[in-house]
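First the structure, in the form of C-alpha cells, and then the observations on it.
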Amino acid sequence: MRGTTRTISLPRRLIIDLMRASAGVPFVSLARTLNVRPLLEARSLAARPPGFAAIFVKAFALVALEEPTLRTLYAKWPRPCFYELPRNVAMVAISRIEDGQPCVLPQRVGDPDQLSLAEVDAIIRHGKEAPIDQVPMFRKIMLTTRLPWPLRPIAWLVGLNFGRQRANWFGNFAVTGVSAYGGGELHALSPGPYILSFDVAKPDGTIGAMIRWDHRVTDAALIARTFARLEQVLNGEIAAELRASRAAEAKPVRAIGG
C-alpha cells in the first residue's frame, strides 16, 4: 500500500529516545484509591487552586524526604550501584502543541518539598505556556535530541548510567496523568526509578493513583507504605497549606494609620 512518509519531529524523536531508554527498566506497578476528601475540600476554597500535578509533586517529595529509598536510583557505571540523591528532583510530563503537533516534554522541578504549592504550580504552568527556548529543561533536552545519531546514543548512555548525571537528567521521580483529558489508569514509562500517575478526583472524595517503580531499587511493601503516607500528607500538610493560603488571601489589608 502506498502511504505518506513524514519527518519525525524533535519532540517525537525525544519520546522515541525515552522509550528506548525505558525499555531496560524492570517496572512493577501498584495502584491505589486514595481518600482525599480533606484535600479536595481545602482545594475547593482556594481562590487560585494549584493543579493536581503540583499537589502530587510536592506531596510525593515530602514523603521521599522521609524515605531515602524514594530518592535512590540504580546506576551501572563505573560499577552497578544504588545512588541516593541528597534532595528531590521531580520530572513532570507536560503536554504541549508544537508546530501543530501534540507532544510531551519533561519539566524539571528541583526541591519541590522546599517550595510552596504556588511556586511548584508556577513552574509547571511555565512549562505548559512558555516557548520551548524559554524553559531551561526543554532547551537542554532538545539540544541533546538535535545531536546526530552517532553522538546522541553516547549522550544518552552517559545520562542514563552515571548516578550523578542520571539524577540531573531524570530526577528521582516523575509525575504524569491524563485527568485533564477525562482521566484513566495510565501505565507510563520513564527511565525511572519512580513514576506517579493520578486519575480524576471523584465526587465521593477519592482519587485513583498508581506508582510504577524500578524493582531493582525496592519492593512492593515500601510502595504500599508510601501510598499510606502519601494519603496522610495530602490530607495533612498539603491541605493545611491550601487552607493557610486561603486565610492569607482573605485577610483584610489594614490601612496605614488606620
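The values are calculated or read from the model by the stated rules, or taken from the named source; none is laboratory data. This one's a predicted model, so the numbers in the text were calculated from it and none came from an experiment. Note that we place each Cβ from the backbone using ideal geometry, even for glycine, and neighbour counts take in every protein chain shown.
Conditions (1) small (Gly, Ala, Ser); (2) under 25 Å from Ser197 (Cα atoms); (3) under 20 Å from the mean Cα position of the chain (by Cα); (4) at pLDDT below 95, marked per residue:
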residue	(1), (2), (3), (4)
Val217	no, yes, yes, no
Ala221	yes, yes, no, no
Gln232	no, yes, yes, no
Asn235	no, yes, yes, no
Ile238	no, yes, yes, no
Ala244	yes, no, no, yes
Glu249	no, no, no, yes
Gly257	yes, no, no, yes
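For (1) at pLDDT 90 or above; (2) among the hydroxyl-bearing types (Ser, Thr, Tyr); (3) touching a Cys at 6+ places or on another chain (Cβ under 7 Å), each residue gets a yes or a no:
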| residue | (1), (2), (3) |
| --- | --- |
| Ile154 | yes, no, no |
| Arg164 | no, no, no |
| Tyr181 | no, yes, no |
| Gly184 | no, no, no |
| Phe198 | yes, no, no |
| Gly205 | yes, no, no |
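Being assigned to a helix (DSSP H, G or I) and out of contact with any Ser or Thr (no Cβ under 7 Å at 6 or more places or on another chain) is a condition met by no residue of region 198-218.
Selection over region 191-206 of residues that are surrounded by fewer than 24 Cβ atoms within 10 Å (Cβ to Cβ) and either of a type in the set (Gly, Ala, Ser) or in contact with a Pro (Cβ under 8 Å, 6 or more places away or on another chain) (or both) gives a count of 2. Of all the residues in region 97-127, those that are at pLDDT below 95, in contact with a strand residue (DSSP E or B) (Cβ under 9 Å, 6 or more places away or on another chain) and among the charged types (D, E, K, R) number 1. A search for C-beta distances below 7 Å between a residue of region 171-192 that is more than 14 Å from Ser22 (Cβ to Cβ) and any residue that is of a type in the set (S, T, N, Q) and part of a loop (DSSP other than H, G, I, E, B), counting only pairs 6+ apart in sequence or on different chains, returns Asn172/Asn88.
Restricting attention to region 19-45, the residues that are part of a loop (DSSP other than H, G, I, E, B) and buried (at least 16 other Cβ atoms within 10 Å of the Cβ) total 2.
Restricting attention to region 64-87 and to residues that are outside any helix (DSSP H, G or I) and either of a type in the set (Lys, Arg) or touching an Asp or Glu at 6+ places or on another chain (Cβ under 8 Å) (or both), the residue that is farthest from Gly177 (Cα to Cα) turns out to be Arg79. The selection criterion, being free of Cβ contacts under 8 Å to residues at least 12 places away in the same chain and in a loop (DSSP other than H, G, I, E, B), does not hold for Arg48. Taking residues in region 78-96 that are at pLDDT 95 or above, and partners anywhere that are of a type in the set (S, T, N, Q) and in a loop (DSSP other than H, G, I, E, B), the pairs with Cβ atoms closer than 7 Å and at least 6 places apart or on different chains are Leu85/Asn172; Asn88/Asn172; Val89/Asn172. Among residues of region 1-18 that are in contact (Cβ under 8 Å) with a residue 12 or more places away in the chain and surrounded by 15 or more Cβ atoms within 10 Å (Cβ to Cβ), those with a beta-carbon under 7 Å from a residue that is acidic (Asp, Glu) and in a loop (DSSP other than H, G, I, E, B) at least six positions away or on a different chain give the pairs Ser9/Asp99.
Which of the residues spanning region 168-189 are out of contact with any Ser or Thr (no Cβ under 6 Å at 6 or more places or on another chain) and surrounded by 20 or more Cβ atoms within 10 Å (Cβ to Cβ)?
Hits for region 168-189 are Trp169, Phe170, Gly171, Asn172, Phe173, Val175.
Can you find even one residue in region 134-152 that is among the charged types (D, E, K, R) and in a loop (DSSP other than H, G, I, E, B)? Yes, region 134-152 has at least one match. Determine whether region 88-106 contains at least one residue that is surrounded by 14 or more Cβ atoms within 10 Å (Cβ to Cβ) and part of a loop (DSSP other than H, G, I, E, B). Checked region 88-106: at least one residue is surrounded by 14 or more Cβ atoms within 10 Å (Cβ to Cβ) and part of a loop (DSSP other than H, G, I, E, B). Could you please find all residues in region 165-187 being farther than 15 Å from Arg108 by Cβ and among the charged types (D, E, K, R)? Across region 165-187, the qualifying residue is only Glu185.
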